[in-house]
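First up is the structure itself, then whatever we jot down about it.
Here, each number is a calculation from the coordinates, and none is a lab measurement. Just so it is clear, the structure is predicted and the values come from calculations on it, not from any experiment. Cβ placement follows ideal geometry from the backbone for every residue including glycine, while neighbour counts extend to all protein chains displayed.
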Amino acid sequence: PKRVKEWWFVSGSGKLCLSLRYGAKVVEIAKGKTAVELTGEKELVATLEVLKQAVESGELDAQIDAVAGAVKVGFKK
């Protein structure tokens, strides 16, 4: 079986938090922000759609490139 790391967690205030990952690395969505806080599960699908549109339109290219570079460094000898 393949182990999948959780990409969500519940904050101390009981809100659902969703993080975006590139491989095992967490992508910084905005400066100093690594997760999106949701008030409940009802917002999950809409939030995932917004993140998908942001990725497709290139809004997160710089953040993804930074994480991808960090991942690539780990493969060099």
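Worth pointing out:
- In degrees, nearest ten, helix 44-57 long axis to first principal axis of the chain (Cα): 30
- Annotation: amide H-H contacts under 5 Å for TYR22 (H modelled 1.01 Å from N, sequence separation of 5 or more, or interchain): VAL27.
- Extension gain for the segment GLU56 to VAL10, taken as residue separation times 0.36 nm less the Cα-Cα distance, is 13.8 nm to one decimal.
- Projected-area average for the chain over all orientations - Cα convex hull basis, square nanometres: 6.9
- Charge dipole of the chain about the Cα centre (unit charges at C-beta), most positive-ward option of LEU60, VAL73, SER19: VAL73
- Net charge dipole size for the chain [Lys, Arg +1 and Asp, Glu -1 on Cβ; Debye, nearest 20]: 580
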